[in-house]
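Every read-out reported here was derived from the displayed coordinates using simple, explicitly stated rules and does not represent laboratory data. Because the structure is predicted, anything quoted here is derived from the model rather than measured. Counting neighbours? That spans all protein chains shown, and the Cβs are built from the backbone with ideal geometry, glycine included.
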Amino acid sequence: MKSALPVAIVVIALLAFWYVAAALMNAPLQRDAFANAGRDDYSTTDLVGASLNMERPKLPAPHQIVAELDRLILQTAPTSKRGLVYHAWITLQETLIGFFFGASLGIGLAVLVLSVRSLERSMMPWIVASQTVPIIALAPMIVVILNQFDITGIAPKAVIAAYLSFFPVTVGMVKGLRSPDPLQLDLMRTYSATPAQTFVKLRAPASAPFFFASMKIGAAAALVGAVVAEVTKSEDGGLGARLLAGSYYGQTVQIWAALFTAAALSAALVGLIGLASRLVLRRMAFTS
Amino acid sequence: MNARTADLAPPLLFGAAVLALWEAGVRLLGVPAIILPAPSAIFLRLATSVPTLAADFVQTIQGVLAGYALGSAAGLAVAILIDRSPFLQRGLLPLGNLVSALPIVGIAPIMVMWFGFDWQSKAAVVVVMTFFPMLVNATAGLSSAGAMERDLMKTYAADYFQTLGKLRLPAALPFVFNALKINTTLAMIGAIVAEFFGTPTVGMGFRISTEVGHLSIDMVWATIFVAAVAGSSFYAIVSLIERRATFWHASYRGRES
């Protein structure tokens, strides 16, 4: 908790900077608005105050976003399509389902790659190369193709979330399952352990730190996949759909509110995994 | 060279096998082209629409490169600036790590509003996406020089900037390049996704989203192919520069001792 104070101060500085930036960016718009209203007797304080409370600002002030979040989350029924809880729940479902299948597939593939030698040599370069490809470009197409098979709603977005979380998990887990050093592997051999025993008693436990690290990356990637997929098929709702709707109608406050909700979801997922990681790794006596 | 070809053979064979299976599967099962076109159809489409694809590529890569350069440079600069203040480091690093896990591509609609439909707004998204990985990695890199080496610099009476230029920046290079490599992919993703939110009618992300709407899936695959080749070449170029830079670093030290 040594870093709590510095973090707090940096956050406060960022908020202050945000207010200044919001005032500066919105002031020209507000000046035009005053001019249109025929007012020219406003003081600088009026101008700044009005700039920070515009309906469609270029950059909404933090308190406007908080007010919008409060209106859409606390003041609106969770089941209402206008509230953010409804949309966040859709995104969360897509993310979790996608992440579950993506991570399972990723771990399965890592185990397969590790146990079948020829597969590793032929497939691993492609899996690594696929990391350098902007995979997300496939998202709109996957949604449309699944649509042809009458797969709509949450499923296509979960597929994309799974797809995005699967690669980092595979790469991380292959690295993790290979992390025991030759000495330890030799020891297993002197015990005449079978490959399966080596896997269960040495490789799987040794891969735990890598497992949690790749889970974090995978969960974050799954959420990005779900949000981007929602942008490409926005009629089903979700945070990505809110982003798109906000950008169509110039509702900046709405965009920021959706963005903050997505950020909170992501931070919560990664935070939960981090917590689990710390608990488990401490029990397993990993030092760092 | 022989060993290299032996290394390359299995993945190439695997890739060829996948392509052959794909082609055969599409033809034998009669999969409609709007679901999955055959590789041959995709390459035909690629060959016949080179001008469109080239224009898209140029449009997108502008945003990618401008944003990548600005974001990475800013990340490195801030890392060097906060390096002298442990207080700022303790404050900024947890935030940087947090932001790295957030869905930053979501700021795309805001950037499109601020900077217009052209490549500048895409570059802005890329700047934000590439900034934090560089900040976190470069900060770790700057503290990677060992205590012994720092003491040596002190006994040479080297001032802060000499230590920075001759010891700590070179020692940070592997970390910086790690961030540069991560950022290549992030930059491509940022630029393409930002184009889903509005472009002048050109660009790879625009092409993908409109051609999906027209159900000309072969064109989508052709664009994805271009994006994949561009992404991996970008990564490969950075890795090549990394090898050069690290090589220079090692040889430099070799001459000194």
Show log10 I(q)/I(0) for segment A:1-142 at q = 0.09, 0.14, 0.15, 0.16 Å⁻¹, two decimals, from a solvent-free Debye sum over equal Cα scatterers. -0.62, -0.96, -0.99, -1.02
Cα pairs beyond 18 Å in segment A:94-182, in percent, come to 50 percent
Find out how many positive minus negative residues lie around A:L146, taking Lys and Arg as positive, Asp and Glu as negative, among other residues whose Cβ is under 11 Å from that of A:L146. +1
Quickly work out the B:A69-to-B:S143 label distance, labels modelled 7 Å from Cα along the C-beta direction, and quote it in nm with one decimal. 3.2 nm
Treating segment A:4-59 as a set of equal point scatterers at the Cα positions, no solvent, please give the Debye-formula log₁₀ I(q)/I(0) at q = 0.18, 0.25, 0.26, 0.28 Å⁻¹. -0.61, -0.92, -0.96, -1.05
Give, rounded to the nearest 20 debye, the magnitude of the charge dipole that segment A:84-283 has about its Cα centre when Lys and Arg contribute +1 at Cβ and Asp and Glu contribute -1 at Cβ. 780 debye
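Based on a Kirkwood Rh over C-alpha pairs, give the Stokes-Einstein translational diffusion coefficient of segment A:84-283 at 37 °C and viscosity 0.692 mPa s in µm²/s.
181 µm²/s
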Given the pairs A:K58/B:K122; A:K81/B:K122; A:K175/B:K181; A:K81/A:K233; A:K81/A:K216; A:K216/B:K122, which span a C-alpha to C-alpha distance of over 20 angstrom in this model? A:K81/B:K122; A:K81/A:K216; A:K216/B:K122
Mind checking the mean number of beta-carbon atoms from other chains within 10 Å of the Cβ atoms in B:184-190? 4
How large is the charge dipole for the protein assembly as shown, taken about the Cα centre, if only the Cβ atoms of Lys, Arg (+1) and Asp, Glu (-1) carry charge, to the nearest 20 debye? 1580 debye
For chain B, what is the relative contact order in percent, using Cα pairs closer than 8 Å and at least 6 residues apart in sequence? 25 percent
Of the convex hull drawn through the C-alpha atoms of the protein assembly as shown, the volume per residue in Å³ is 208 Å³
With contacts defined as alpha carbon pairs under 8 Å and 6 or more residues apart, what's the relative contact order of chain A in percent? 21 percent
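Dividing the Cα convex hull volume of segment A:79-122 by residue count, how many Å³ per residue is that? Walk me through the numbers on the way to the answer.
Details: hull volume 2.6 nm³, N = 44.
Hull volume normalised by residue count: 59 Å³.
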Charge-dipole axis of segment A:84-283 as Lys and Arg at +1 and Asp and Glu at -1 on Cβ define it, positive-most pick from A:F199, A:L243, A:Q148: A:F199
So what does the Cα-only Debye profile of segment A:234-275 read at q = 0.20 Å⁻¹, as log10 I(q)/I(0), no solvent term? -0.60
Over segment A:4-59, what is the relative contact order in whole percent, taking alpha-carbon pairs under 8 Å and six or more residues apart? 46 percent
If you project the alpha carbons of chain B onto their three principal axes, what span does each projection cover, largest first, in Å? 75, 54, 29
Could you please state, rounded to a whole Å, how far the C-alpha centre of segment A:27-49 is from the C-alpha centre of segment A:97-142? 56 Å
